[in-house]
Amino acid sequence: MRMVCISKEHDIAIGLRLAGVQSFSITKEDEMKNKIKELSKDSDVGIINVTEEVYEIAQMEIEDIIKNQELPLIVKIPNSK
């Protein structure tokens, strides 16, 4: 299973890529929500890390995934600033 990250901040995405985590730096809210939905349907994704800012933007979508799916695990990580 893969671990991925969705961040609005480019620095976090770059840092996690260096650690081997597939990361997406997305600034548009609709794209964030769509990427979270897309990744939640991928059976190879076990963990989705989202920054606090992304969590606030896509809270409804994330809570729906948490309630209705066993995987992926969604982890909120702090913003860098």
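Here, each number is a calculation from the coordinates, and none is a lab measurement. Just so you know, these numbers come straight off a predicted model, no measurement behind them. Note that each Cβ is placed from the backbone with ideal geometry, even for glycine, and that neighbours are counted across all protein chains shown.
Grab the other residues whose beta carbon is less than 15 angstrom from that of Leu71, score K and R as +1, D and E as -1, and report the net. Show your work: numbers first, answer last.
Values: positive: Arg2, Lys37, Lys41, Lys67; negative: Glu38, Asp42, Asp44, Asp64, Glu70.
Here the count lands on -1.
Work out, step by step, the length gained on full extension between Arg17 and Asp44: first 0.36 nm times the residue separation, then minus their alpha carbon distance; give nm to one decimal. Don't skip to the answer; put the middle values down first.
Numbers: separation 27, 0.36 × 27 = 9.72 nm, distance 1.77 nm.
This chain segment gains 8.0 nm when fully extended.
Under unit Cβ charges (Lys, Arg +1; Asp, Glu -1), what dipole magnitude, rounded to 20 debye, does the chain have relative to its Cα centre? Kindly include the intermediate steps, with their values, before the conclusion.
Working: 11 positive and 15 negative charges, 40 e Å.
So the magnitude is around 200 debye.
When the helices in the chain are scored as -39500 (n - 2.57) per DSSP H run of 4 or longer and the sum is shared across all residues, what 222 nm value do you end up with, to the nearest 500 deg cm²/dmol? Kindly include the intermediate steps, with their values, before the conclusion.
Numbers: 4 runs with 37 residues, N = 81.
Mean residue ellipticity at 222 nm (helix-derived): -13000 deg cm²/dmol.
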How far is it, in nm, from the label point at Glu70 to the one at Lys28 when both lie 7 Å from their Cα along the line to the Cβ? 3.6
For Ile77, distant residues with modelled amide H under 5 Å away: Val50, Thr51, Glu52
